[in-house]
Each structure stands twice: as C-alpha cells, then as structure tokens.
Amino acid sequence: MKLLEILKQVPVPVLLIVLALLLIVTIVIAVQYIRQKGLDGIRADVYQLILTAEHMYNESGAGKQKFEWVIQQARGLLPKWLQAIVTTELLRNTIQKWFVGVKDLLDDGKVNGSQGEDQDE
C-alpha cells in the first residue's frame, strides 16, 4: 500500500516518461537478445525440439501433444524477462509457421507454399 501512496504523489507526466523509458529499454534488450542469438539460431533450436518430439512421441495421433511439448520447451529456452513479454499464443503461431515452412521444404525440396498454412501438424 505504501507504493500506491508514493505513486499517487508522483505527477502523471513523470510516470508516463518512466513507463516510456522502461518500454524502450525492454525493446532494446529484446532486440539485443535476438541479434545475439539470431533468429536463425532460435529457429534452429526449435527445429531441434521438433525432431526430439518426433522421437519421443511415436504413437499415432500425438501431433498436438508433440506441438504443445515443443512450445513448452521453446518457452523455457527464452530468458525469463522475454518469457514475460512473449505470449504463449505468439510463440505457438511463430512455431506453427516455422513448422509449415519445414514441411513445405521437405515435400518437394522447395519453399513454395505447397504445404498451405491451414494444415495441422
């Protein structure tokens, strides 16, 4: 409750400036992480998780279980601060797009959209 009382004493423009600075710092840190790890490095980690899931779940119809496992493991690869920013839904959509891209490449050796994005894993 003391924090709330202190915040009430701070002028609104100051609070807005502080929040804007925090947002900018968060974005800069996220960009630095992506540059350091590289989108290709992150994608390679996810591809490795997909391969691991394929070997772990051999039973038929386990596609959703595999996909959820990959999402959970990929989330664990992110730094804690990025886990707070990246939603599970965003991660799910990104991994699904990468998965469709891999399937597209594997079906005929080309990334040409032959594996439409509306297909499930």
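Please treat every number below as a calculation from the coordinates, not as lab data. Note that the structure is predicted; figures quoted are calculated from it, not measured. In this analysis, Cβ positions are derived from the backbone assuming ideal geometry, glycine residues included, and neighbour counts consider all displayed protein chains.
What the table below lists for this structure:
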read-out: Lysine pairs meeting the criterion (Cα under 27 Å, 8 or more apart or interchain), as found in the chain; value: 15
read-out: Selection of GluC sites (Glu not before Pro), the range 25-80, meeting DSSP coil and at most 16 other Cβ within 10 Å; value: Glu59
read-out: Length-normalised contact order of the chain in % [C-alpha pairs under 8 Å, at least 6 apart]; value: 16 percent
read-out: Percent of Cα-Cα distances greater than 20 Å, calculated over the range 39-108; value: 27 percent
read-out: Karplus 3J(HN,Hα) series, Hz, for the range 72-79 with 6.51 cos²θ - 1.76 cosθ + 1.60 (x for Gly, Pro); value: 4, 5, 5, 4, x, 6, 6, x
